[in-house]
Every structure is written in C-alpha cells, then in structure tokens.
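Structure first, then comments.
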Amino acid sequence: MIPGTTQIAPKIHAAPLGQNRLRPETWALCALILAMFMAGCAVEDVWPSKRDNPQRQSPPGRQAPDEDQNDGQQDGDDPLTNNTTNNHGADAGEPPDNDDGQDDVTDDAEDTDDPGDATPDDPEDTDDADDDNGQGGVPDNPDAGDDEPQCDPEAHMTDSMNCACAGACDQPEAELCVDGQCVCDPELHAEDQENCACQGPCGDDQECSYGLCHTIPPAQYVWVPANTFLMGSPSDELGVSYDEAQHYVQLTDALYVQTTEVTQRQWSDLMGWNPARFGRCGPECPVENVSWLDAVFFANTLSESEGLQPCYNDWGDPIQSPTGHPKDCEGYRLPTEAEWEYIARAGSEEAYFTGESRQTSCGSDPNLREAGWYCNNSENHTQQVAGKAPNDFGLYDVHGNVAEWVHDRYLRDYENLTMADPLGPSDGRGRVFRGGSWLDEARNCRAGARAAAADNSRQHTVGFRLVRTALEDR
C-alpha cells in the first residue's frame, strides 16, 4: 500500500451457493488474451504478409490517401494512415517504423515523396503515389531497353545471325548477310540444280557441281573443275624424294575423270582379252601388266567406240590437237602428270588425301590403310577397285592397288616447266607412273611420289585410269 492512499477492496459478488466462483486472476487473464487477439487483428489488416498479398494495399474498406492529404495530415492523427504513408518504401510484410505505431520524426523528415520528387525513395518501390496520380516522377519499372546498348547496324553488316540488326538471314535463297542485306549463299547452292551457286537453274543436259553448271559426265566418270594447286611435296614430309620440289600449277580445263582404275572387265569387254597377271582376283580388280602403249591403245579404242576423235597415233603422240597438247584433243586419254596429282590430292597438301605420312616402309600407316592397298595390307596381290575410301573428288585407289600411267615423260626438275598446263619433255628416259601399288612401300604411295619406266614395259604393279577434257565447258 502506497503511503497517503486508502486501500479500496475490490467488490466481489458472491456466487450463489452451489455455483463455481471465477477468481479475479482468471478475469484478468481473459481480458489480456482478448486484448492481444484484437491487437493482432488490427496489425494483420495494416501489415498483410507477403504470402497473402505481395504488394501493399490499403486495408479493406479504406482508401489510401493521396499526397495532398498526407501533406495536411498531422503526425499521430491516424496511426493506420501514418504507418502506410511513412513506410511506403518498405517491402510488404515489414513492421511499421515504430512498434508503438507512432510516426517517427526522423522518417517523416526523410520521407519527401512529393509530386515533384523525380526519384523514388526506395528503388524497389512498386506503388508510389507519383505513379498513381500521374503527377510526374520516374516510373517504378522503366523500360529495360533504355538501359541496354542499342544494336549498331554498321557492326552487323556481315552478321548472318543478325544482319544489320534486322534479324537472322534464315529464309530460302537469303542465307548470307552482305552489306547489311540477306542474299543467296553460293556455297549452300554449290550443288543446287535449280539455283546453281545462286546463278539460276542449269540446263537439261547439265548438272551443278562445285558451284558450276557443266555437262553431265559419262557413266563411271566424275567432273572435276579447273583450278590452281600446289604440286610436289614439302621438304619435311616423311619419305620425300629429291625430285618433288613444290611449285604452283594452273590447270585451265575441267576434266571428266574415271572414278576407278580400268578394271579387267572393262579391258576384256572392249579388247577381247585379259592381260592381267592376277586374273584370279576377279573382273572388278584393276587390269595390270599393261604398258604405256597398251594403255593409250585402249584409250583410242574407247574413243572410237563412242564416236570421239582419238587422241593418240600408233606412237602415242597427240593427234587431232590444234596445239599439240593432249588436253586439246576430244577423246579419252591418260592424264598429264600435273593433272594426275591434282585429281589425286583433291585439295589436300598432305602425303595422302587422308592425312600425313607416318610410315616409309611396309609398316602400318593408318592414313594410308584407309585410302589404299600397299605392301602392309594387300596380301601380295591386287584387290577389287573401290574397296577403300574415295577422295573428295570421288576417286578411288589413287594410293596403292596399282600404280597408274600418266601421259608425261619424266623430267627431274619438273618445277621448271610452265605454270599453266605443264607438259613433260618430248623425249626422255621413259613415261611416268604415279600412286604406288600393292607391292610398294608407303613412301612410294604418297601423292607426290614419282616413278618412270619405258613406254613398252609391262609390270604386274602398273595399270591406268582415263580422263577426258570437258571441252563442252570451255
């Protein structure tokens, strides 16, 4: 009891006899629980959870005051309104500035959200009055593109994925970006009969290869375009010889090239007899044991059978050629040495069109084994043609199986010949053969390897394949 005061005893009404009496402590506890319950409902209305309402909003039945009303509102007039106004920058679900619900002086001083304020107090503010009443200010979610660098058309003038910033070149016959325009890509139409290299359709008697319309080649032949290539072998190539100096050669005419070496069947059907030593190999094995003179005689016979002017006379010299060069004759012939290396390499500058040389003798060379038959895998005889991988021109057996006669006589320093359509000397030690055979070591099967023999010699390791100049495509 406090001194100077009078103690007042609480009035307790006695319950009627037989009923339970409610103790004062129980009444007080019930009142406290009820007060806490009511206070919790009020807070839930003002500060809804993020789960129920991710964005702040006015409690049901209340309207959020605008800025003009807030300016005239005195602190403490309405705890609900003050809490909402002074904490509009806070995330939904956060408590008000003060636990007691009173407006904090510091917050009120710092909160300067007025219609002229161009920058929201909180960058995460998603419900400023500025945005709602249209009084100016920066939008809550500005256009993301304003912050991103603009596409520069000048930097995309050759970008086929975004040509001049206008999008990808992905329409038919408009696949390549050139000078900011989507145009036809010749490489994608290099074999397109209807739009060959983007130049339009080929003729009825033509086909499209390597981006060029050309006359359809004879059966079992392919069309090979004219080109310039690097002939010879690099000085550091494994197995290189002294007579393989590298030099550039220009071939000015396209060729029809036989895809395989002449087979025993082809020889027998045309000539009526079979000179091959390995007759047991079968009709699809290459013919061999034929001399250079035998080969050109076969070529003349084939030309005559198809109504073409033969290229050779009895001694093998070119005939019916205005220039004396075999490329200018009409019929079938042996390729020149430069033509043979060009068609064998098919764009490769390695020892084999399958890759570099890894062996010089009869050891296993995976690149050579993929391309041809030699002393490592031939089982000591010829094999059927086209049994190994073709090169990029579609030619088989340019490495191994049988070596192949070419037109030229041998010249050691062949790099001294003319660059355009070189041709060996008019006389010399003998005729050249290329490519190596089933009996040869790996070094002799390289694209740059050279060998020669008398034009009347016959060997069971040497055969040939024929070509024709594509005169129609000049």
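The values are calculated or read from the model by the stated rules, or taken from the named source; none is laboratory data. Computed from a predicted structure; not experimentally measured. Cβ placement follows ideal geometry from the backbone for every residue including glycine, while neighbour counts extend to all protein chains displayed.
Numbers below:
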| quantity | calculated |
| --- | --- |
| 3 or more residues under 12 Å from Ala403 (Cα atoms) and of a type in the set (A, V, I, L, M, F, W, C): qualifying strands (runs of 3 or more DSSP E) within segment 426-474 | 450-453 |
| So Ala371, is it among the small types (Gly, Ala, Ser) and touching a residue at least 40 places away in the same chain (Cβ under 8 Å) | no |
| Residue satisfying condition, being assigned by TED's automatic domain parsing to the domain that holds Asp253 and under 15 Å from Gly448 (Cβ atoms), within set Tyr396, Tyr374, Tyr410 | Tyr410 |
| Boolean, Ala386 is buried (at least 16 other Cβ atoms within 10 Å of the Cβ) and not in a loop (DSSP other than H, G, I, E, B) | no |
| Residues being assigned to a loop (DSSP other than H, G, I, E, B) and in contact with a helix residue (DSSP H, G or I) (Cβ under 7 Å, 6 or more places away or on another chain) - total across segment 392-409 | 5 |
| Some residue of segment 347-360 being in the same structural domain as Pro225 (by TED's automatic domain parsing) and under 24 Å from Pro218 (Cα atoms) | yes |
| Subset of segment 283-339 (residues that are out of contact with any Asp or Glu (no Cβ under 8 Å at 6 or more places or on another chain), among the acidic types (Asp, Glu), surrounded by 22 or more Cβ atoms within 10 Å (Cβ to Cβ) and under 25 Å from Phe229 (Cβ atoms)) | Glu339 |
| Enumeration of residues in segment 222-264 that are of a type in the set (Ser, Thr, Tyr), more than 29 Å from Glu441 (Cα to Cα) and either surrounded by 16 or more Cβ atoms within 10 Å (Cβ to Cβ) or in contact (Cβ under 8 Å) with a residue 60 or more places away in the chain (or both) | Thr252, Tyr256 |
| Qualifying residue in segment 226-245 (condition: at pLDDT 95 or above, farther than 17 Å from Ala344 by Cα, charged (D, E, K, R) and in contact with a Leu (Cβ under 9 Å, 6 or more places away or on another chain)) | yes |
| Qualifying position, being touching a residue at least 40 places away in the same chain (Cβ under 8 Å) and out of contact with any Pro (no Cβ under 7 Å at 6 or more places or on another chain), among Pro322, Pro283, Pro275 | Pro275 |
| Segment 431-447, residues that are within 17 Å of Ser235 (Cα to Cα) and more than 35 Å from the chain's Cα centre (by Cα) | Arg443, Asn444 |
| Qualifying residues in segment 343-361 (those that are more than 26 Å from the chain's Cα centre (by Cα) and crowded, with 16+ Cβ neighbours inside 10 Å) - the one farthest from Val462 (Cα to Cα) | Arg358 |
| Members of segment 363-375 found to be assigned to a loop (DSSP other than H, G, I, E, B) and surrounded by 19 or more Cβ atoms within 10 Å (Cβ to Cβ), listed by number | Asp365, Gly372, Trp373, Tyr374, Cys375 |
| Some residue of segment 265-278 being at pLDDT below 95 and either surrounded by fewer than 22 Cβ atoms within 10 Å (Cβ to Cβ) or outside any helix (DSSP H, G or I) (or both) | no |
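Residue-by-condition table, conditions (1) loosely packed, with under 15 Cβ neighbours inside 10 Å; (2) not charged (D, E, K, R):
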| residue | (1), (2) |
| --- | --- |
| Gly167 | yes, yes |
| Pro186 | no, yes |
| His189 | no, yes |
| Gly200 | yes, yes |
| Glu207 | no, no |
| Ile216 | no, yes |
